[in-house]
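Notes follow once the structure below has been shown.
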Amino acid sequence: MEEKVSKVKDYMSSRVMTVGPEDTLGDIINLISRTFHDCFPVIENGNIVGIVTSWDIIQRRRSRGVKEVMTKEVVVTFPETNLTDVTRVMFRRGLSKLPVIDENRKLVGIVTTTDVIRSHIERVTPTKLKKLTETLERLYPIKTIVRLGRVPISELMPTQSIIKPDEFIGRKYEIKRGLAEPIVIIKSGERLILVDGHHRALAALKMGIEEMDAYIVVLSKDIELGLEKTAKVMGLRSVEDIKIVEESEKGIAEVIGGK
């Protein structure tokens, strides 16, 4: 199913509270008290030269200035980057915030885990469902109806063989907090074919959850879909057959500074 790809620029905050390397720790403590933020990019001559957090201050309380405690290697991302890819980097590295820079290496925003959660909550599932049902009715001599229900995870046939580890961790996070949207299932005869929500389904299975909320697209006829045939060729019989595979961060984020 095609859907709008969320970019970093769609969810980042463009108003970023920054500090300078010559600021004192007292300045930062006052800033934390006033803004309730706990992480600030350090800017010198318009460029990011580090990042300082409340944890840095706690760790090195005897230091006097930002320059002494800041982290000089900064992981940054870019406005046009796919937000899902950035999410993987953040979970992989244990980061709650990433500065966003433009083609001139200038700070243009900051993206946070809160922005990531907001992007998932705002997914337009009805649009995806409409495209799916229209495609099915165009390809096969059938009619479809959609209903919301609960499905047993053990009976699902996946159609995706590989998922990313950091998005898998993100889906576990959402499930624990009740933020996960329903998965999408096609019901042909008595078969339940998983078409959207592979990360959520595997995460739920690993967490010991037996059933999930799902949008169920019920076919008027029992037919074998091309999705099923491909899944069988890939050896996919159950959610347990889905593999978690690492991927490169190249082009998604990079580390700057460190000298």
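All of the numbers you see were taken from the coordinates with simple rules; none came from a lab. These numbers come from a predicted model, not from an experiment. Using ideal geometry, Cβ is built from the backbone for each residue, glycine included, and neighbour counts are taken over all protein chains shown.
Points to keep in mind about this one:
- Among Tyr215, Tyr173, a tally of other beta-carbon atoms within 10 Å of each Cβ gives an order, fewest to most, of Tyr173, Tyr215.
- The mean of 1/r over all distinct Cα pairs in the chain, once inverted, gives the Kirkwood hydrodynamic radius of 20.7 Å.
- The range 185-248 and the range 47-61 have their alpha-carbon centroids 44 Å apart.
- Cross-link pairs beyond the 29 Å C-alpha cut-off, checked among Lys7/Lys67; Lys7/Lys128; Lys97/Lys131; Lys131/Lys164; Lys72/Lys176; Lys130/Lys164: Lys7/Lys67; Lys97/Lys131; Lys72/Lys176
- Distant-in-sequence amide contacts of Met212, defined by a placed amide H-H separation under 5 Å and a gap of 5 or more residues or a different chain, comprise Val151, Ile153.
- Three-way shape label, the range 27-68, alpha-carbon gyration tensor, a/c 1.5: oblate
- Taking amide hydrogens as placed 1.01 Å from N in the peptide plane, the amide H of Ser220 sits under 5 Å from those of Lys143, each at least 5 positions away in sequence or on another chain.
- Whole-Hz Karplus values for the range 47-56 come out as 10, 6, 10, x, 9, 10, 10, 4, 5, 4 Hz, taken residue by residue from phi with 6.51 cos²θ - 1.76 cosθ + 1.60 and θ = phi - 60°; glycine and proline positions read x.
- Relative contact order of the range 123-244, pairs being alpha-carbon contacts under 8 Å that are 6 or more residues apart, as %: 38
- Near the amide H of Thr159, within less than 5 Å, lie the amide hydrogens of Leu194, all on another chain or at least 5 residues away, with H placed in the peptide plane.
- Net length gained if the chain between Asp213 and Glu68 were fully extended (0.36 nm per residue, minus Cα distance): 47.2 nm
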